[in-house]
Amino acid sequence: MKGLVIGAGQLGAMMGEVAWRLGIELWRYCPDTHRYFFGTEMDARGDTGPSDFDWVTAERELLPQTPFHGVLLNLATYQLVSDRLPQKKLYDELGLPTAPWGELNTGESADPLLRDIGSKLVVKARQGGYDGKGQWRVSEPGFVSEADCIAEAMIPFSREVSIVGVRGADGRKLFYPVVENIHKDGILVETQAPAAEAGKWQAEAERILGTLMDHLGYVGVMAVELFDCGDKLLINEMAPRVHNSGHWSQDGANVCQFELHLRAVAGLPLPEKLTWVPTRMDNLIGVALDYQWLAGNGKVHWYNKEPRPGRKVGHINTLL
Ligand code: ATP
Ligand code: MG
Ligand code: MG
């Protein structure tokens, strides 16, 4: 079987690790450079690549036009989620809880939103943001937006959690436990799986993610980032792909998120159930490869990327 992942980053490469083990020929395609990569390889195999894929998936939601759009699974979901405006509208339409928000287009003042939504706002560019890029904190009048954005009320959450799950083509869904995520400077640094008191929110988190996947007819792995407000969960954002807060599952679960995604998009059986052991994931951010990490008890996953400040270059999973 031959599959293609659109995107040439570490998420597809980690799918490549699993694909090899399952006898799947997995290629990755960079939509910016039009280059093809095989499996986990980081060097492209020339400018022209193979065709005749049995299925095509993606590792990111913002996708320039590609030759594969006609056969790309979940295309409508990527198009919706790549823009924060329809994404937020979808939560409202489905009655799912999310941070109060409003539209803030280029050249518009945030003053009315400061009055109507909250005295502190998080302004987010509608497209292209990740790791907290393309965001502005606004608490004083006079902010004029330089991009098409949405503005959200700043939520005084007690912690950030997320849930990762999978939906098969037959509609069957499986979920990992709710995990806790710790961010620094807008970048995920640590995930605790499961979160403390995960049981308190498991059913609600599954309801939220399940509702989204069913509504979209989505097939594959999806994540939802949530704010735990003590008495309720609010959706921060969704990610229709394997997610950094699910990386722990490579070493802490019977079937990892990369394998679940491949199985779902390839039409292969999903497991009967997901099982796991408590695991912590620490992201490696902007650091050089250091084999002293191996002297600890964790499993090192290095992405073979050039370290740059703020860039995710690997992670370590430690079974607790
Ligand atoms: P990712 O890398 O997860 O895709 P992103 O750039 O899309 O990140 P968000 O997840 O929207 O950005 O926000 C990054 C972080 O900023 C959140 O994890 C949270 O810590 C903080 N944040 C975002 N929105 C809010 C909000 N409405 N209230 C409080 N904090 C927020
Ligand atoms: Mg995001
Ligand atoms: Mg996020």
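Only the coordinates and a few stated rules stand behind these numbers; no lab work does. Not measured: the values here are computed from a predicted model. Please note: Cβ atoms are built from the backbone with ideal geometry, for glycine as well, and neighbour counts cover all protein chains shown.
Details
- Karplus 3J(HN,Hα) series, Hz, for the stretch 81-87 with 6.51 cos²θ - 1.76 cosθ + 1.60 (x for Gly, Pro): 6, 5, 10, 5, 5, x, 4
- Inter-site label distance for Asn254 and Ser109 at 7 Å from Cα along Cβ, in nm: 6.0 nm
- Taking trypsin sites (Lys or Arg not before Pro) as exposed when DSSP calls them loop and at most 12 other C-beta atoms lie within 10 angstrom, the chain has its longest site-free stretch at 1-132.
- For the chain, a crude dipole built from +1 on the beta carbon of Lys and Arg and -1 on the beta carbon of Asp and Glu, taken about the Cα centre, is about 400 debye to the nearest 20.
- Between the stretch 301-320 and the stretch 48-103, the Cα center-to-center distance that results, in Å: 26 Å
- Dipole of the chain, positive direction: furthest Cα of Tyr29, Ser139, Gln65, with charges on the beta-carbon: Tyr29
- Only one residue of Leu113, Trp101, Ile208 has its Cα farthest out toward the positive end of the dipole of the chain, where Lys and Arg carry +1 and Asp and Glu -1 on Cβ, and that residue is Ile208.
- Relative contact order (%) - the stretch 130-195, alpha-carbon pairs under 8 angstrom, separation at least six: 27 percent
- Cα point-scatterer Debye curve for the stretch 52-187, base-10 log of I(q)/I(0) at q = 0.12, 0.13, 0.15 Å⁻¹: -0.61, -0.71, -0.91
- Signed unit charges on C-beta, dipole axis of the stretch 176-320, positive-most listed residue His247, Val287, Asn236: Val287
- For the chain, averaging the sequence separation of C-alpha pairs within contact (under 8 Å, six or more residues apart) and dividing by the residue count gives a relative contact order of 14 percent.
- Size of charge dipole - the stretch 1-86 - debye, nearest 20, with Cβ of Lys, Arg +1 and Asp, Glu -1, no other charges: 80 debye
- Spin-label zone in the stretch 182-226 - amide nitrogen under 20 Å from a point set 7 Å from the Cα of Ser158 along the C-beta vector: 182-183, 191-208, 225-226
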